[in-house]
Amino acid sequence: MGNRGEHLEEVVINDRKKVVIQKSKFRGLDTLDIRTWVETSDYKGFTRKGVNIPVEKGEELAQKILKVLKGT
């Protein structure tokens, strides 16, 4: 996993889980790191679930997500 970077945004799924989107470096490249964060009695932190994408692909990803949500 790359270096933890600048925290940008989070989407709360429930009281124990959220998705965190942050800018970071992965293998020397600027990336958007999208990870699941959990808080349980046994563990608090990021899971292995997530993805790193190049920062320059961020807008395209956002557009594709909106397209899926709108069903077009």
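The values are calculated or read from the model by the stated rules, or taken from the named source; none is laboratory data. Given the structure is predicted, the values throughout are model-derived calculations rather than measurements. Note that we place each Cβ from the backbone using ideal geometry, even for glycine, and neighbour counts take in every protein chain shown.
Figures for the structure shown
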| item | result |
| --- | --- |
| Qualifying residue in the range 22-35 (condition: surrounded by 14 or more Cβ atoms within 10 Å (Cβ to Cβ), among the hydroxyl-bearing types (Ser, Thr, Tyr) and in contact with a strand residue (DSSP E or B) (Cβ under 8 Å, 6 or more places away or on another chain)) | yes |
| Single residue of Thr31, Thr47, Thr72, Thr36 found to be of a type in the set (Ser, Thr, Tyr) and modelled with pLDDT under 90 | Thr72 |
